[in-house]
Amino acid sequence: MDKTILVLTDFSENSWTAIRYAANLAKKFNWTVQLLHTYTIPIKDSVHAKMENMFLKPQKQEAESMLKDWQIRIDDEFPDLRCKTVSLAGDLEKTVLNLLQEKEYHFIVMGAKGKGMIQKAVLGSNTFALIKKSPIGVLAVPITFQKFRLQNIGLLSNFKASEYDLLDSFILRVPEKFNLSLLHVTQKYISPKQEDIEDWKQKLSAQFSFNKIDYVEKNAVNRLDYNMPIPRCIDYMVEIEAIDLLLVSYSPKSFFKSIFSRNLTKAIYRNLTVPTFFKRNLY
C-alpha cells in the first residue's frame, strides 16, 4: 500500500519548509506527499447558497492557482517526488480530522515558526490545535530547518508507559533503525537512580531495536541570577546530542505528570529548534 504524508500549507515560506522536510522524508522511503490547503467563507452565516458560492468560488480558484504554482516549485526541487495537491473549503482542524477518518495517512507535517520567531495566525494556531487532537500525531517543522537527517532521535523521557506508545507509533512509521537519546529534565538537582535509568533503557531495548540508546539530563533552574527553564533545558540536550528529530508525548490532562505542566507542550512547540513529532497519549 502506498504511504502518504499529508502536508498542510497556507502558502507561506514557513509551510514551504514543512514541504521540503516532507519531500525528503517521502523520497527516503518512497512515499507520496499530498499537499492540502483549506479556505473558509469570510462570513459566519450564509443565508443563501448563491451568496455562499459567491464567496467560495473566487477563494477556490485562487487556492487552486496557488497550488499549481507550488506544484511547479516542488517539481523543480524534487523532480522524482510523487505529489498530489488538493484544496478544500472549511475549517482546517475539522477538515483534517475528517480526512483522517476517510483515509490512512502516515504522517501529518506542518510548519512551525521556531525559536525566537513570532507565531503567525493561520498555520501556527492550527498546528497546535491539531497537536492536541490528531490521533496520529503531528510532525512540526521549524522554519529554521536546513538539512534533512534521521539518524539521532531524541525522546523526552520521564520513564512513563506513554513513551512505549509514542516510540511504537513512530517506529511503525519509520522502517529504519536509529540512535535514541532519552532526554530527561530534573529539578532541584535530583537525578534518577542509575539502576532505574539502566532498567528503563533495557526495557525499551527489549521492546524496540535501536542502533544505540543513551541517556542525558539537564536540571531546570528558575532564579534571578541563573535562569534555565525546561524549554531551554530541552534545547541544550537537543544540541549536545545532535538530535535530528524530537519525540514528545502529549497528555490532555497533564504533561509528564508532576514535573511538566500542561502548557509545556505549547512552550516546546513555540520554541522548536528541530523537527518534532508530537503525539497525544491516553495515559
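The values are calculated or read from the model by the stated rules, or taken from the named source; none is laboratory data. Owing to the predicted nature of the structure, the values given are computational and were not obtained by experimental measurement. Neighbour counts run over all protein chains shown; Cβ positions are idealised from the backbone, glycine included. Calculation scope for accessible area: heavy atoms of the full protein, side chains included, ligands and nucleic acids excluded. Shrake-Rupley method; radii C 1.70, N 1.55, O 1.52, S 1.80 Å.
Take the conditions (1) in a helix (DSSP H, G or I); (2) of a type outside the set (A, V, I, L, M); (3) open to solvent by less than 20 Å² (accessible area, probe 1.4 Å); (4) modelled with pLDDT of 95 or more; Asp76 misses just one of them, which is (3).
Of everything in segment 139-177 that is under 24 Å from Leu8 (Cα atoms) and charged (D, E, K, R), the residue that is surrounded by the most Cβ atoms within 10 Å (Cβ to Cβ) is Arg173.
Close Cβ contacts (under 7 Å, 6 or more residues apart or on different chains) running from residues in segment 72-84 that are within 18 Å of Asp2 (Cα to Cα) to residues that are small (Gly, Ala, Ser) and surrounded by 12 or more Cβ atoms within 10 Å (Cβ to Cβ) comprise Leu81/Ala23; Leu81/Ala26. Looking at segment 26-41, is at least one residue assigned to a loop (DSSP other than H, G, I, E, B), more than 23 Å from Phe277 (Cα to Cα), open to solvent by 20 Å² or more (accessible area, probe 1.4 Å) and at pLDDT below 95? The answer is yes, given that some residue of segment 26-41 is assigned to a loop (DSSP other than H, G, I, E, B), more than 23 Å from Phe277 (Cα to Cα), open to solvent by 20 Å² or more (accessible area, probe 1.4 Å) and at pLDDT below 95.
Picking from residues in segment 85-104 that are without any contact (Cβ under 8 Å) to a residue 40 or more places away in the chain and among the hydrophobic types (A, V, I, L, M, F, W, C), the one that is surrounded by the fewest Cβ atoms within 10 Å (Cβ to Cβ) is Leu97.
Checking the structure you have, find out if any residue of segment 108-131 is farther than 16 Å from Thr17 by Cα, modelled with pLDDT of 95 or more and β-branched (Val, Ile, Thr). Within segment 108-131 (the criterion being farther than 16 Å from Thr17 by Cα, modelled with pLDDT of 95 or more and β-branched (Val, Ile, Thr)), the answer is no, since none of the residues qualifies.
Can you find even one residue in segment 197-208 that is under 28 Å from Met110 (Cα atoms) and at pLDDT 95 or above? Working first, answer last.
Start the filter on segment 197-208 by keeping residues that are under 28 Å from Met110 (Cα atoms), which leaves 208.
Among the residues that remain, those that are also at pLDDT 95 or above are: 208.
Checked segment 197-208: at least one residue is under 28 Å from Met110 (Cα atoms) and at pLDDT 95 or above.
Each residue in segment 178-213 was checked for being exposed (fewer than 11 other Cβ atoms within 10 Å of the Cβ) and touching a strand residue (DSSP E or B) at 6+ places or on another chain (Cβ under 6 Å), and 1 pass.
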